[in-house]
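Okay, structure first, notes after.
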Amino acid sequence: MAGGGAGLVGEPVEGRVSLSARAREAVRQRIVDRRYAMGSRLVEREVAEELRMSRVPVREALRALVSEGLLELSPHSGVRVRTLEPVDVRHLYEVWEPLAVQASRLAARRVAAAGEPEGLAALRALLERAESAAAAGEADREVGAHTAFHEQIVALGGNPLLARTMEQLSWQLQLLFGLREEPAQMRAQHAEMFRHIAAGDEELAAASTLLHVRDSRTVALRSLFGDT
């Protein structure tokens, strides 16, 4: 199947969608872990050969990743991995900030109402995973735990519309987190957010999250662009 032709004649639609989803996940992961570097050109035929798929699901996956903001179409060179500029980082944080704050507020509210021991246990485990990864110098694992921590807060809040909205940002955030420094201050702020959410304190959970997101933005701009 590697490097197959322009299509899969007679293949059920469900099978093509499944292959497209698999291709999308595989390419997305290669972008996030930087096997496909920012600015690098992705050739449909070469990606299909690498993934051992036909070109149809790969083509669909690349189009979807353009919509997600991880890839961009260039008039003269086809599809490239998006290169983040300072304005892109600022725009991303402008959208993420109010959503992250609201997610923490909702999570604390739900804990106050129902306790949510399983959700809190999962959140605590991600804090511990990030600390363990940092101690071992495993930057990629730490980034994964960082992203998952924010995703678990959204899940704990129990708002499916917020979860779907945040899902559109999560891979761009993970890419950004993987490019920048990850100071101990960020992990300490996560621990503070957890304490306030676990206490069911909406206002302190929201305030600590706001501080964290704004500090994260400063770290990202400084470490990527020397922007203070």
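Site pair Arg195 and Phe225 shows an inter-label distance of 3.4 nm when each label is modelled 7 Å from Cα along Cα→Cβ.
Apolar share of the accessible surface for the range 15-77: 46 percent from carbon plus sulfur atoms, 1.4 Å probe.
For the range 152-228, the solvent-accessible area works out to 45 Å² per residue, with a probe of 1.4 Å and every protein chain left in place. Taking trypsin sites (Lys or Arg not before Pro) in DSSP loop states with no more than 16 other Cβ atoms inside 10 Å as exposed sites, the chain has its longest site-free stretch at 53-228. At q = 0.13 Å⁻¹, what log₁₀ I(q)/I(0) does the chain have when each alpha carbon counts as one equal point scatterer in the Debye sum? Taken in order of the listed q values, log10 I(q)/I(0) reads -0.83. Since only Gly39, Val111, Met193 are under comparison, the one whose Cα sits farthest along the positive direction of the charge dipole of the chain, derived from C-beta charges on Lys, Arg, Asp and Glu, is Gly39. Over the range 89-174, all Cα pairs binned in 10 Å intervals from 0 give whole-percent P(r) values of 18, 44, 33, 5, listed from short to long. Computed over the range 14-57, the alpha-carbon pair-distance distribution with 10 angstrom bins reads 28, 56, 16, 1, each value a whole percent. In the range 119-188, a dipole from Cβ-located charges (positive for Lys and Arg, negative for Asp and Glu) runs towards its positive end, and of Ala133, Leu123, Gly144 it is Leu123 whose Cα lies farthest in that direction.
Can you give the Rg to Rh ratio of the range 62-116, both from alpha-carbon atoms, with Rh computed by the Kirkwood formula?
Details: Rg = 17.6 Å, Rh = 13.9 Å.
Taking Rh as the inverse mean 1/r over Cα pairs, Rg/Rh reads 1.26.
The values are calculated or read from the model by the stated rules, or taken from the named source; none is laboratory data. Remember, predicted model here, so these are calculated numbers, not experimental data. Positions of Cβ are generated from backbone atoms using ideal geometry, with glycine treated the same way; all protein chains shown enter the neighbour counts. The accessibility values were calculated without ligands, DNA or RNA, using every heavy atom of the protein model including side chains. Shrake-Rupley method; radii C 1.70, N 1.55, O 1.52, S 1.80 Å.
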